[in-house]
Every structure is written in structure tokens, then in C-alpha cells.
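Report on the structure given below.
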Amino acid sequence: MPEATLPQPVKFLDLALPKLTAAEAVAIARREFGLTGEAKPLYSERDGNFHLRPADGGPGHVLKIANAVEDPAVVDLQTASLRHIARADPDLPVPRVILSRDGEAMAWVELDDGARHMARVYSFLPGQILETVPHKPALLADLGRFAARLDKALAGFSHPAAAQEIPWDLRLLPRMAGHVGDIEGEGRRAMVRRVIESFAAEAMPKLAGVRSQVIHNDLNLHNVLVDADDGTRVAGVIDFGDMVVGPLVFEPAIAAADIWIGKDDPLGAVTAVVSAYHQVLPLRDDEIGLLYDLLLARNAISVVICARRARHNPETPSYLESYYEPCMAALDQLLTVGRDKATAAIRDSCR
């Protein structure tokens, strides 16, 4: 798709994080939720997040200050989904909703910039982020099973805001074509354009025919927590802000796309995740046939978003910057492996 034909801007592609200090976070937590403790900033893409650590050494809580432009319905989507999961699979480790002093799941607060923001508190899940631990075969298998278990818990859940538009929805990749120019290097730009054009022509028409439901949509290396004691068990998942109603196969594809990065045998790592997902929640043949395209799409959309924000919002650095080069390398590797070999390996692992 030529860059000049970009239909319309993608929501949240360009944004600024809420600005507040740790002291302000402590004051909000105490005033609105009756919680005390030290506040430590946490990485976030569009919210202001803080870990509230109590003096007694317990796990504490997470205070989330929503972006000023966030839709209250989307915040309610996250709260409602967490409550649904707690009912559907009580042992599944996801954050629990903490009510405010007024008995509500959210409180309105005003920051120094004069803007009103929605404040929420969730329980803090202990564990190490997936990026920082060795990706042992047993851990990759548990990641696949966990993703499937999460999707089974979300089956039947619905919410009007699940139709939200976010940059990380792989179906929006064709609309990212107009931002490929932010990528440095003509060779790299050409590679990403080819991926986008192929996805628009080959994958997009097929997505309408696959199963759809509300999914987490962002089981990346920073959102999956691993048990710190044995390193082979997923201890939880966080950040439900990118939830959408969309193709079910996006869930294992997104988890597997991050697992591809930096591996000596990336295809073997991907099949470990996908086959374990398949054991718990079997994928259909048409969904398996789309996984190669979705692996490419996830890496391509990551590259475009990272390049865009690095160029236009350099004053707001985040962990996303660390994805740029690895995702670019993954794109090159995926194209070298090719559709036939990758799909055959994935399909064989699911038999």
C-alpha cells in the first residue's frame, strides 16, 4: 500500500504519558484507596503505573493512572475482564481489582496539568518478567498452555469497548504503511513494505473466517511473569490494556512472535509455544495456516510503532525501544525461513 493512501491516523500511535511523581502517586493511593507504602514507577506504554510497596514487605499493589485521552469504557473493559477471569478460572494468576474508599473500581483524579485521569489499583503479581529469564523448553510449553487457559477463561466474555482501536491490533498493519518512512534505511523500509503488502493481500481476507473472541492480545516478554524459584512456570500475566475482540489465533501468534527473538532455533521455540497451546485449546487448520503471516505482522507492526515513536516522541523513551532491532532481525529471519518451512513445522508440531 503506498504511503500516500493511509486511510486515517491510528489511535494511540502518538501519545504522551501522564506526568506525576512517586509522591503524588502515594498521595492518590492513600486518599482514594486507603493504601500506604512506597511508590516505584513501572514501565508503561500509555498509562502512569506505580508499584505500591507496603512497609510490611508484602507484594503490594499497582496504581494505574490512565492516559487523559483514555475512554472510560476501555478502563471498564479491563476491570470487567479481570473479574470475569476470576470467576471463570479462580486459580489463574491475573491481577485482582481493588476497590476505592467509595467502593468503586475507579476514581477520578486531577493532576498538576489540570487534566482529569482515571485511577485504579490492582493486586501486584510477584515474578520475573519473561525477558529476563532463560527460555527453557518447559517454560515455553507452560507459556503456550497458560495462553490457552487464559483464552478459555475469556471465552464467552463480551464488552462493548472490546472493539477499541489500538496500534497493536494486527488487523491495523495495512494502515501502518504510511509510517514506514520513519524506518531508517531503504532496504529495511522495502522489507517492511513487502510484509505489509503481503499481509493485506493474503492474510487479511482470511481473518474474517477464523474464530473470534476477546483476547489479551499482548502476551509479550514484559507482560508475562515467571516463577522466580524454578524458572519453568508462568506465574502470571499483567497489562490488559490492549484487549480486543479479534481472531483467537492472534493470542498464540503474539506470544510466539516474541519468543522467536534472539533464539538459536527460533522456529523450534515457536513450535514449542504453539503446540502446547494447541494441546489445551486446539487450533483449526485454517488458523495454523495463518500463523506465519501473523508472526511477520507482529514484528512488522512493532518495528513501525517503535520507529514512529523514536522519531516523533524522542522525549518519551520506553522499553519498546529495545524491540526495534530484535524485531527487525526476526523479520529477516522469518522471510529467510519462508512460509512453507515454517508452516510445515508448526503444523507438524500440532499433530
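The values are calculated or read from the model by the stated rules, or taken from the named source; none is laboratory data. Computed from a predicted model, the values in this text were never measured in an experiment. Note: ideal-geometry Cβ built from the backbone for every residue, glycine included; neighbour counts use all protein chains shown. These accessible areas exclude ligands, DNA and RNA; they are computed on the full protein's heavy atoms, side chains included. Shrake-Rupley method; radii C 1.70, N 1.55, O 1.52, S 1.80 Å.
What number of residues within the range 67-91 are modelled with pLDDT under 95 and small (Gly, Ala, Ser)? Total meeting the criteria: 1.
For residue 120, state whether it is buried (at least 19 other Cβ atoms within 10 Å of the Cβ), outside any loop (DSSP other than H, G, I, E, B) and either in contact with a strand residue (DSSP E or B) (Cβ under 9 Å, 6 or more places away or on another chain) or not acidic (Asp, Glu) (or both). For residue 120, the condition - buried (at least 19 other Cβ atoms within 10 Å of the Cβ), outside any loop (DSSP other than H, G, I, E, B) and either in contact with a strand residue (DSSP E or B) (Cβ under 9 Å, 6 or more places away or on another chain) or not acidic (Asp, Glu) (or both) - is met.
Would you confirm, using the coordinates I've provided, whether residue 283 is hydrophobic (A, V, I, L, M, F, W, C) and open to solvent by less than 10 Å² (accessible area, probe 1.4 Å)? I'd like the intermediate steps shown before the answer.
Numbers: hydrophobic (A, V, I, L, M, F, W, C): yes; open to solvent by less than 10 Å² (accessible area, probe 1.4 Å): no.
Here the answer is no, as residue 283 does not meet what is asked.
Residues in the range 133-161 that are surrounded by fewer than 16 Cβ atoms within 10 Å (Cβ to Cβ) and touching a Ser or Thr at 6+ places or on another chain (Cβ under 8 Å): 136, 138.
Looking across the range 91-117, the residues that are open to solvent by less than 80 Å² (accessible area, probe 1.4 Å) and more than 30 Å from residue 226 (Cβ to Cβ) come down to 100, 103, 107, 109, 111, 114, 115, 117. Residue pairs whose Cβ atoms lie under 7 Å apart, sitting 6 or more positions apart in sequence or on different chains, and linking a residue in the range 309-338 that is farther than 20 Å from residue 254 by Cα to a partner that is at pLDDT 75 or above and open to solvent by 40 Å² or more (accessible area, probe 1.4 Å), are 316/17. Of 82, 52, 42, 35, which residue is open to solvent by 60 Å² or more (accessible area, probe 1.4 Å) and in contact with a strand residue (DSSP E or B) (Cβ under 8 Å, 6 or more places away or on another chain)? Checking each option against the conditions leaves just 42.
When residue 299 is tested against (1) outside any loop (DSSP other than H, G, I, E, B); (2) surrounded by fewer than 20 Cβ atoms within 10 Å (Cβ to Cβ), just one condition goes unmet, and that condition is (2).
Among the residues of the range 200-210, those identified as surrounded by 14 or more Cβ atoms within 10 Å (Cβ to Cβ) and in a helix (DSSP H, G or I) are 200, 203, 204, 206, 207. Apart from one condition, residue 130 fits all of (1) open to solvent by 60 Å² or more (accessible area, probe 1.4 Å); (2) under 17 Å from the mean Cα position of the chain (by Cα); the exception is (1).
Rundown of residues vs (1) within 14 Å of residue 146 (Cβ to Cβ); (2) open to solvent by 20 Å² or more (accessible area, probe 1.4 Å), yes/no style:
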| residue | (1), (2) |
| --- | --- |
| 240 | no, no |
| 260 | no, no |
| 268 | no, yes |
| 276 | yes, no |
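For residues in the range 170-187 being touching a residue at least 24 places away in the same chain (Cβ under 8 Å) and outside any helix (DSSP H, G or I), which is most open to solvent (accessible area, probe 1.4 Å)? Restricting to residues being touching a residue at least 24 places away in the same chain (Cβ under 8 Å) and outside any helix (DSSP H, G or I), the top hit is 184.
Residues in the range 85-117 that are out of contact with any strand residue (DSSP E or B) (no Cβ under 7 Å at 6 or more places or on another chain) and among the aliphatic types (A, V, I, L, M): 85, 86, 88, 92, 99, 115.
Results for (1) farther than 16 Å from residue 323 by Cβ; (2) open to solvent by 10 Å² or more (accessible area, probe 1.4 Å), shown as yes or no for each residue.
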| position | (1), (2) |
| --- | --- |
| 168 | no, yes |
| 189 | yes, yes |
| 198 | yes, yes |
| 212 | yes, yes |
| 223 | no, no |
| 227 | yes, yes |
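Just one of the listed residues (332, 293, 348, 258) is part of a helix (DSSP H, G or I) and closer than 30 Å to residue 73 by Cβ, and it is 258.
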